[in-house]
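In what follows, a single structure is set out as structure tokens and then discussed.
All of the numbers you see were taken from the coordinates with simple rules; none came from a lab. On a predicted model such as this, the values are computed, not experimentally measured, just so you know. Counting neighbours? That spans all protein chains shown, and the Cβs are built from the backbone with ideal geometry, glycine included.
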Amino acid sequence: MPGFSFAAMSELNERLTDLHARFERALEVASDERSLEAARAQYLGRSGDLAAIRRSIGRLPSDERPTAGKEINDAVAAMEELLERRRVKVASHAVEEALSRRVDVTFPAPEARLGSTHPIRHVIEDACTYFERRGFAVVLGPEVEPDYYNFDALNIPPEHPAREGFDSFWIDETLLLRPHTSPMQIRTMQNHRPPIAIIAPGKCYRRDAVDARHHFQFHQLEGLLVAEGVHFGHLKGMLAGLCRVLLGAHQSVRFRPSFFPFTEPSAEVDTTCPKCGGSATACSMCGGSGWIELGGAGMVHANVLREVGYDPQRLSGWAFGFGAERIALARYDVDDIRRFIDSDPDFLEQLA
Ligand code: DAH
């Protein structure tokens, strides 16, 4: 090898052999992971002994450097292998030691924490059971919907101001995260012949600022009954029954005149405040009004029936859309809607 300086190379070899031997001894006395790590840092670390040797390569003639570099790399590999073997030994020794201590196999294990039904799901399941027992089908639909199902088909044309009330998350010009479950009315009526009796629960989204009573993500319960001879009295009876199942035996419902483009007449639905029974003047739940709001309802608009090819002369129907979180706030006497999505197991378990 031209220019190979035997003296320099053999000196390098000597230093590496010496280092290897010292490292081996250091590992032998290291009895836990911490002392192993200290030895590794001292010998193989960035400012360790090996790094110093590596830096000295610079002093060799340039044609010797590759050979020297290879020697050093081989030495590192060998030392790392030593370290790894010692690590395994130390670890298995630690396990043996732990096992050799007395183990009381009859000692009770810490109890596994099981999940529980989420309060919102509980409300939805109880409502669905109530309607299923009365012959309604539970239907689920997409959370991303074209504006046709969310608005147009529900008698809300493009320029209608009611669209703004739904402050939606748009995905493109025609697709949006549904701001209500009412699109399921259209989807169901278009795919089935009357009579129709459905309950459609699910997630909805609106660009609402988050506070104790609002969230950009929430759940609605949509109900729809369309057949011959359906009238408002049926609606009132069904909703009173629902409130009694969900909130207590003495619940009443009341309707306040309102406006929704897809119902005529339209109403806001309230139920007796379950906390004060409608009697307290300073109730923290209803603010003393004696009532809490559930959502909207009404008789299905003739335009909606026509849109899905139903004859409004022959058929009539009612519909409602309630907020599941509102029901849950009242049912469990919770003061902040955000608690339902905080995922705090202690809170959720209390309500299970
Ligand atoms: N979709 C309405 C909303 O989210 C609520 C609603 C009102 C639903 C009246 C209905 C209804 O089915 O008939 O504001």
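Observations on the structure shown:
- Using C-alpha pairs under 8 Å with a sequence gap of at least 6, the mean separation divided by the residue count of the chain gives a relative contact order of 14 percent.
- Cross-link reach list, aspartates and glutamates versus residue 236, counting only Cα pairs under 13 Å and skipping chain neighbours closer than eight places: 268, 270
- Helix-only CD estimate at 222 nm, as mean residue ellipticity for the chain, using -39500 (n - 2.57) per DSSP H run (n ≥ 4): -13500 deg cm²/dmol
- Cα centroid separation, the range 208-255 to the range 295-352: 6 Å.
- Here the Karplus curve 6.51 cos²θ - 1.76 cosθ + 1.60, taken at θ = phi - 60°, turns the phi angles of the range 60-75 into couplings of 7, x, 4, 6, 8, 4, x, 5, 5, x, 5, 4, 5, 4, 4, 5 Hz, with x standing for Gly and Pro.
- Applying a 4.7 Å cutoff between beta carbons, the unpaired cysteines of the chain are 128, 204, 243.
- In order through the range 95-109: 3J(HN,Hα) via Karplus (6.51 cos²θ - 1.76 cosθ + 1.60), integer Hz, x for Gly, Pro: 5, 4, 5, 4, 5, 6, 5, 5, 10, 8, 6, 8, 5, x, 6
- Exposed loop sites, defined as GluC sites (Glu not before Pro) outside DSSP H, G, I, E and B with at most 12 other Cβ atoms within 10 Å, are absent from the longest region of the chain, namely 229-352.
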